[in-house]
Amino acid sequence: MASCKRGEKRRKDRSASKMEETEDSTEKKGRTRQQKKYIGAHVSIAGGIWKAVEASVEMGGHSFGLFLGSQRSWQRPALDQTAAAKFQQACTQHGFNPTHILPHGSYLMNCGSPKEDVLSKSQAMLVDELSRCSVLGLTLFNFHPGASIDSSKEQCIERIAEAINHAHQQIPAVCTVLENMSGQGTTVGGQFSELKSIIDRVRDKTRVGVCLDTCHAFAAGYDISAAGGVKAVLDEFDQVVGLHYLRAVHLNDSKGKLGCHLDRHEDIGRGQIGISAFRNIVNDPRLDNIPLILETPGRPGFEYDDQIKLLYSLCED
Ligand SMILES: [Zn+2]
Ligand SMILES: [Zn+2]
């Protein structure tokens with residue numbers, strides 16, 4: 001199957017007139033697997049946040065991830081209104097729906113920290129991140145739940161849920177999306193049951209979800225590389241958390257072996273997970289219509305555009 005076919009079609013859609021858009025929506029029922037899959041990559045905001053949209057279009061992405069500010073600093077300048085307007089314009093122009101854009105939270109944040117100062121800075125940062133989403137017209141916000149350090153996992157989970165509830169009170173509408181972790185160190189969220197425990201404590205269940213990172217899941221011990229593994233892991237996710245909470249997937253192969261608890265991403269098909277798991281992922285109808293975002297190294301000769309093409313070529317109808 002011509003892997004670029006979908007890219008060409010969507011690019012046409014993006015510049016389509018109103019009449020064509022209507023035609024497109026009447027076609028919806030007959031959409032192919034490729035057209036139901038929103039594959040993209042984490043893109044840079046260097047030079048202005050709207051550049052993320054352009055970079056996504058360039059690489060043939062139909063969804064994307066991005067940071068909403070510097071990853072190095074707790075104190076970040078407010079989002080520039082003009083830049084935010086340009087970002088929204090670019091999204092509209094290129095046909096990116098907010099539900100296919102998944103901002104990633106700052107790595108500095110630990111909403112489960114037992115340390116007073118880190119916790120209060122993290123709580124404030126979560127509010128700030130959600131407010132940035134609002135300004136950009138975005139509806140999802142993905143972050144790493146947190147780490148317990150020298151406290152118990154239960155206490156950590158309580159603090160994370162409190163931070164989410166607090167942020168929900170401050171900022172309306174944006175959905176907080178918890179990422180599953182590799183189980184490295186004292187991080188919480190390696191086990192699906194831990195994500196569920198956080199969700200259980202969030203008051204507004206319509207504003208909490210999960211982003212399933214394939215590398216993290218594999219490193220945490222969920223064997224998506226086995227025959228039938230993707231199906232089995234999604235079934236388990238459905239039983240433990242509920243598939244209706246699944247808002248996104250991070251598509252990453254893993255340098256480390258099954259259950260290694262290391263968070264080390266590899267290019268698609270070049271790690272321990274292997275290509276057949278990704279074929280199963282792009283063909284699973286339960287993963288239709290949600291962002292599937294690459295966060296791989298993208299080595300020379302196998303960059304994001306190549307990996308996006310490869311993934312679309314694996315779609316079987
Ligand atoms: Zn992440
Ligand atoms: Zn991830």
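Please treat every number below as a calculation from the coordinates, not as lab data. Just so it is clear, the model here is predicted, and its values are computed rather than measured. Counting neighbours? That spans all protein chains shown, and the Cβs are built from the backbone with ideal geometry, glycine included.
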**Study point:** ³J(HN,Hα), Karplus 6.51/-1.76/1.60, whole Hz, each residue of region 49-57, x for Gly, Pro
**Key:** 5, 5, 4, 4, 5, 4, 4, 5, 4
Check your understanding: For A124 and S313, what is the calculated FRET efficiency with R₀ set at 41 Å and r taken between the beta-carbons, to the nearest 0.05?
Key -> 0.40
**Study point:** For A161, net neighbour charge (Lys/Arg +1, Asp/Glu -1) across residues whose Cβ lies under 13 Å away
**Key:** +1
Check your understanding: How large is ³J(HN,Hα), in whole Hz, for each residue of region 121-126 in order, when computed from phi with the Karplus curve 6.51 cos²θ - 1.76 cosθ + 1.60 and θ = phi - 60°, using x for Gly and Pro?
Key -> 5, 5, 4, 5, 5, 4
**Study point:** the chain: most fluctuating residue of P285, P77, P103 per GNM, C-alpha cutoff 10 Å
**Key:** P77
Review point. Using 18 Å as the cut-off for backbone N distance, which residues of region 212-238 belong to the label zone defined by a point 7 Å from the Cα of S276 along Cα→Cβ?
Key: 218, 222-234
**Study point:** Residues I290, I149, sorted so that the one with the fewest Cβ neighbours within 10 Å comes first
**Key:** I149, I290
Check your understanding: For V208, what charge total do you get from the other residues with a beta carbon under 12 Å from its beta carbon, if Lys and Arg give +1 and Asp and Glu give -1?
Key -> +4
**Study point:** D_trans [Stokes-Einstein, Kirkwood Rh over alpha-carbon pairs] for region 151-224, 20 °C, 1.002 mPa s, µm² s⁻¹
**Key:** 169 µm²/s
Revision key, fill the gap. For the pair A173 and K205, the simple spin-label estimate (label points 7 Å beyond Cα toward Cβ) gives in nm 2.4 nm
Exercise for review: State the number of lysine pairs found in region 38-313 whose Cα atoms come within less than 25 Å, restricting to pairs 8 or more positions apart or on distinct chains.
Suggested key: 16
Exercise for review: Sticking to Cα atoms, compute the Rg of region 247-317 to one decimal and its Dmax as the biggest Cα-Cα distance, whole number, in Å.
Suggested key: 11.9, 35
Point to revise | Where a label projected 7 Å from the Cα of S134 along Cα→Cβ would reach, residues of region 143-176 with amide N under 18 Å | key: 163-176
Review point. From the backbone phi of region 148-161, what are the Karplus-calculated ³J(HN,Hα) couplings (6.51 cos²θ - 1.76 cosθ + 1.60, θ = phi - 60°) in whole Hz, Gly and Pro given as x?
Key: 7, 6, 9, 10, 7, 4, 4, 4, 4, 4, 4, 5, 4, 5
Study note, to complete from the structure: Percent antiparallel among DSSP beta bridges confined to the chain, rounded to 5, stands at 15 percent
Study note, to complete from the structure: Long-range alpha-carbon pairs in region 84-239, meaning those over 23 Å apart, account in percent for 39 percent
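Which net charge results for the neighbourhood of A78, defined as the other residues with beta-carbon distances under 15 angstrom from its beta-carbon, given Lys and Arg at +1 and Asp and Glu at -1?
Neighbour charge sum, excluding A78 itself: -1.
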Point to revise | Zone residues, region 157-201, relative to H261, backbone N less than 18 Å from point 7 Å out along Cα-to-Cβ | key: 157, 180-195
**Study point:** Convex hull volume of the chain per residue (C-alpha atoms, cubic angstrom)
**Key:** 129 Å³
Exercise for review: Please give the peptides 159-166, 305-312 ranked by average Cβ packing (other Cβ atoms within 10 Å per residue), highest first, as a rough proxy for protection.
Suggested key: 159-166, 305-312
